[in-house]
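Heads up, the thing below is written out as structure tokens.
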Amino acid sequence: MTQLKFLWPITRGLIGAIIGLLVGLGVGLSVSSLTGNPATEINISFSYVFALLGWLLGVGVWNSWIREWIGIKPSYFEAKNWQRYFGFSMDHKVIGVQYLVTFVILFLLGGFFALLMRIELADSGEGLLGPNYYNTIMSLHGIIMVAVAVAAIIGGLSNYVLPLMIGAEDVAFPRINALSFWIIPPVAILLILTPLFGGFDSGWTAYPPLSVTNADGQLLFLFAFLTFGLSSILGGLNFLTTTICLRAPGMTWGRLPIFVWSIVAASIISVTATQVVAFGLLMVILDRVAGMVFFDAGLGGKPLLYEHVFWFYSHPAVYIMILPAFGALLEMVSHFSRKPLFGYKLVVASFLSITALSFLVWAHHLFTSGMDEFLHIPFMAITELISVPTGVVFLSALGTIWRGKLWLVTPMLFVVGTVFNFLIGGLTGIFLADVATDIHLQDTYFVVAHFHYTMMGGEIFMLFGAIYYWFPKMTGRLYNETLGRLHFITMFLTYNALFITMFIVGTNGMNRRVWTYPENLQDGNILIGVFSLLLGLSFIPFVYNMVASWARGTVSGNNPWGATTLEWATDSPPPEENFAHPPKVDEGPYTYGQSGRKETQATPI
Amino acid sequence: MSTHSETNTHIGNSLSLKRIGLWVFILSETFLFGALISTRYYLQGVERPDHLNQPLGLVISIVLLMSSLAAYRGEVAVSYNDQKKFRINIISTIILASIFLVGVGWEWYEAFQYFPPSSAFGTIFFTMTGIHAFHVLTGMIALIIIVKMGSDGRFNSNSYWGVEGVVKYWHFVDVAWVFIYPTLYLVN
């Protein structure tokens, strides 16, 4: 039994969830018998909320938190080695790996859903999924990939490396950090259960009035998204406080690695805007469960309200996704070009102005929604304005590569690939920011291809690049370079072939979110399906590489890249307290080519 | 080794860290209440039904502001290590907060007759007061916990972050009401 002791937190969590579920069901039944409102949704709501509380209390909140409040000694059980990953660990390095593995698995699951969609779309008639399941699968693909994009870099990589980069022992609030991870499993479970409750056919945007009237699966989706938002807020709060308070001596704001700056900018968005979307989702829940009329136009509600509230978060959210990717990109560009980052201060200014401007562009999603016409031009102008700071980021990347000594290992290949992809993503965005062309292209595959170029081509490529880059730091071992390059080349080629074809079918009139289409688009769709399958296969070398190299890769040494930033100044993998001797920072992060530079930016004190 | 973050010297012990964390949280919550208030104007403009119970609204607003004063007195008392005064003040805060919640309940009872949740103003009214009441409730639970912690002798004039944090949150909840009250009752 003692070998299985590491599974206790999860077991307690499950028991707590079951107890919570039963209590919630009881509360739900008594409430619905009192009010006479539709009972199923009330039961689902109460059961879920109580089950979530039960799960969190069981998995660790009671033992490490509440006990302290009420004056009982907190009880910690820290397992050893790989067993730590299954418990309520408060070590940011463990939590980072927990996040990363969870979201890579979710990424592959989301990719599998995309393949199911492509099987349906291989023929213009009814196929595998048909009208009943296609939209649910499409919506699941959407929300899972959005969650991956929001949390994989911030929750996974930055959780692991941000405290190391600023020379801290851990994040500011280790317990909140653990909580923000353990909120995720209920979200995943809820989403996977939606097909049993009739699915949800609203897409990840969940616009009312559809999302108020469709099957119960929609309610599960709304709760999942709401819970995920909570995790995102807690994560952002932690990263902001950590960076403000826990920088090592000498780590001034001007010496922060650029990745840390990007996380600061993204965290500002996630602690503020996420509250607004949470309220938007809550309004839909209230309309469904409590019979309110936020979106019932007949009774004084306004469906457009949701679109405003939703995009007030969800457009800034794309910067929560892409800013950390930019940060990781510039980080690697400097290290692998062996040159100081070009225009560091300008990049920081760009990150902060992207953050500010991102709150003022949301209504470009509403050009065809019936929003007041006088709003079109200002939102078009601000949307196009935000490409200026984004351009500065590009300029910085290219300026750093210029006359650098490029080291084209796998992470750097991903950097070059990302620059190429995001360029296409950015240029095609102009057509969508522009009112006149957007009205033609709205809701076609052109839009789908555009945001995949920015989100997948920009962010997910960078996620993989950054995983390769920090893999030696996390595991102390080297990944297999040949397999890494194979992964990059196959992923890059099939990805581009796939989404360039989508641009073409999109401009020819292929609508998004439909399971059928005119027959003249058949060839393009078959092509997309074939490329999708190949893209899916390109992840096999990645998964094999990660698992095999972690188990028995070559030992990497502490700093295999010869990089200057602080996370490479300690052991790989780092000891529990991160730095055996607390570091003192005495120069900027990228000192390549400068006379008298040290190996990293720090000296131990 | 085993109790990682707890033995650590600078994490979890620095007051400025906790303060900044709380302020970031309050900033985050501000956006929630901002969205609530904007929604009221977006859906209803400045329309207001005649059946709002104005005297009751005013009374519960005053009660809530009084509770903030009591909470402040409690914090000052603990900073002077006056445990008895601390207890009295925090317990009065809890009592005033309960009166506020009873008042909101009474409002809800009346509102059901004139503008139920299935009417446009009712939707706004129940959501705004409901979300705020939920915050009051969480604040009350936190206040009860610090009374318990105080009676266990865990606060003194050198170390009373628990009180400071909860009281700051309580002030925030009251300030939120200061914006919600005119938005619902006074705008016309």
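Quick check, is B:Val167 of a type outside the set (Gly, Ala, Ser) and in contact with a helix residue (DSSP H, G or I) (Cβ under 6 Å, 6 or more places away or on another chain)?
yes
In the stretch B:44-66, which residues are more than 26 Å from B:Leu96 (Cβ to Cβ) and of a type in the set (Val, Ile, Thr)?
B:Val46 - this is the single residue of the stretch B:44-66 that is more than 26 Å from B:Leu96 (Cβ to Cβ) and of a type in the set (Val, Ile, Thr).
Could you tell me which residue of the stretch A:243-292 is farthest from A:Pro316 (Cα to Cα), considering only residues that are in contact with a helix residue (DSSP H, G or I) (Cβ under 6 Å, 6 or more places away or on another chain) and outside any helix (DSSP H, G or I)?
So the residue we want is A:Met292.
Looking for something β-branched (Val, Ile, Thr) and either outside any helix (DSSP H, G or I) or surrounded by 22 or more Cβ atoms within 10 Å (Cβ to Cβ) (or both) - is there at least one such residue anywhere in the stretch A:226-240?
Looking for residues that are β-branched (Val, Ile, Thr) and either outside any helix (DSSP H, G or I) or surrounded by 22 or more Cβ atoms within 10 Å (Cβ to Cβ) (or both), one finds at least one in the stretch A:226-240, hence yes.
Could you tell me which of the residues A:Leu282, A:Leu305, A:Leu246, A:Leu286 is surrounded by fewer than 24 Cβ atoms within 10 Å (Cβ to Cβ) and in contact with an Asp or Glu (Cβ under 8 Å, 6 or more places away or on another chain)?
A:Leu246
Which of the residues that make up the stretch A:443-455 are surrounded by 24 or more Cβ atoms within 10 Å (Cβ to Cβ) and aliphatic (A, V, I, L, M)?
Selection gives A:Ala449 alone.
B:Leu52 is checked against (1) surrounded by fewer than 17 Cβ atoms within 10 Å (Cβ to Cβ); (2) outside any helix (DSSP H, G or I) and fails just one. What number does that condition carry?
Just one mismatch for B:Leu52, condition (1).
State yes or no: is A:Tyr85 surrounded by fewer than 18 Cβ atoms within 10 Å (Cβ to Cβ), closer than 26 Å to A:Phe228 by Cβ and free of Cβ contacts under 8 Å to residues at least 40 places away in the same chain?
Yes, satisfied.
Out of A:Phe379, A:Phe420, I need the residue that is surrounded by fewer than 22 Cβ atoms within 10 Å (Cβ to Cβ) and at pLDDT 95 or above. Which one?
A:Phe420
Condition check ((1) more than 29 Å from A:His364 (Cβ to Cβ); (2) in a helix (DSSP H, G or I); (3) modelled with pLDDT under 95) across all residues:
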{"site": "A:Tyr453", "(1), (2), (3)": "no, yes, no"}
{"site": "A:Met462", "(1), (2), (3)": "no, yes, no"}
{"site": "A:Tyr468", "(1), (2), (3)": "yes, yes, no"}
{"site": "A:Tyr479", "(1), (2), (3)": "yes, no, no"}
{"site": "A:Thr482", "(1), (2), (3)": "yes, yes, no"}
{"site": "A:Arg485", "(1), (2), (3)": "yes, yes, no"}
{"site": "A:Thr490", "(1), (2), (3)": "yes, yes, no"}
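Using the structure shown, decide if A:Ile66 is modelled with pLDDT under 90 and not in a helix (DSSP H, G or I).
Spelling it out, it is not the case that A:Ile66 is modelled with pLDDT under 90 and not in a helix (DSSP H, G or I).
Quick check: is even one residue across the stretch A:189-212 touching a Lys or Arg at 6+ places or on another chain (Cβ under 6 Å), part of a helix (DSSP H, G or I) and either on the phi < 0 side of the Ramachandran plot or not basic (Lys, Arg) (or both)?
Yes, that holds for at least one residue.
All but one of (1) free of Cβ contacts under 8 Å to residues at least 24 places away in the same chain; (2) within 11 Å of chain A (Cβ to nearest Cβ) hold for B:Asn158, so report the exception by its number.
(2)
Can you list residue pairs whose Cβ atoms sit under 9 Å apart, with the first residue in the stretch A:186-204 being under 19 Å from A:Leu14 (Cα atoms) and in the same structural domain as A:Leu108 (by TED's automatic domain parsing) and the second being polar (S, T, N, Q) and buried (at least 17 other Cβ atoms within 10 Å of the Cβ)? Count only pairs 6 or more apart in sequence or on different chains.
A:Pro186/A:Thr227; A:Val187/A:Thr227; A:Val187/A:Ser231; A:Ala188/A:Thr102; A:Leu190/A:Thr227
Whether any residue in the stretch A:158-168 is aromatic (Phe, Trp, Tyr) and either within 30 Å of A:Leu4 (Cα to Cα) or crowded, with 21+ Cβ neighbours inside 10 Å (or both) is what I want to check.
Yes, that holds for at least one residue.
Of (1) under 28 Å from A:Ala168 (Cβ atoms); (2) buried (at least 16 other Cβ atoms within 10 Å of the Cβ), A:Gly557 satisfies all except one. Which?
(2)
For B:Gly130, work out the one condition from (1) of a type outside the set (S, T, N, Q); (2) within 11 Å of chain A (Cβ to nearest Cβ); (3) touching a helix residue (DSSP H, G or I) at 6+ places or on another chain (Cβ under 8 Å) it doesn't fulfil.
All conditions are met except number (3).
Would you confirm whether any residue within the stretch B:21-30 is under 30 Å from A:Gly229 (Cα atoms), within 14 Å of another protein chain (Cβ to nearest Cβ), among the aliphatic types (A, V, I, L, M) and in contact with a Leu (Cβ under 7 Å, 6 or more places away or on another chain)?
Checking the stretch B:21-30: at least one residue is under 30 Å from A:Gly229 (Cα atoms), within 14 Å of another protein chain (Cβ to nearest Cβ), among the aliphatic types (A, V, I, L, M) and in contact with a Leu (Cβ under 7 Å, 6 or more places away or on another chain).
The rows are residues; the columns are (1) polar (S, T, N, Q); (2) touching a Phe, Trp or Tyr at 6+ places or on another chain (Cβ under 9 Å).
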position: A:Trp69; (1), (2): no, no
position: A:Asn81; (1), (2): yes, no
position: A:Gly87; (1), (2): no, yes
position: A:Asp91; (1), (2): no, no
position: A:Val97; (1), (2): no, yes
position: A:Val101; (1), (2): no, yes
position: A:Leu106; (1), (2): no, no
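From the list B:Ser79, B:Ser61, B:Ser98, B:Ser16, which residue is closer than 30 Å to A:Arg247 by Cβ and either of a type in the set (Lys, Arg) or away from chain A (no Cβ under 11 Å) (or both)?
B:Ser79
Could you check, for the stretch A:45-57, whether at least one of its residues is surrounded by 16 or more Cβ atoms within 10 Å (Cβ to Cβ) and over 30 Å from the mean Cα position of the chain (by Cα)?
The answer is no, given that none of the residues of the stretch A:45-57 is surrounded by 16 or more Cβ atoms within 10 Å (Cβ to Cβ) and over 30 Å from the mean Cα position of the chain (by Cα).
The values are calculated or read from the model by the stated rules, or taken from the named source; none is laboratory data. Everything quoted here is computed from the prediction, not taken from an experiment. Backbone-built Cβ (ideal geometry, glycine too); neighbour counts: all protein chains shown.
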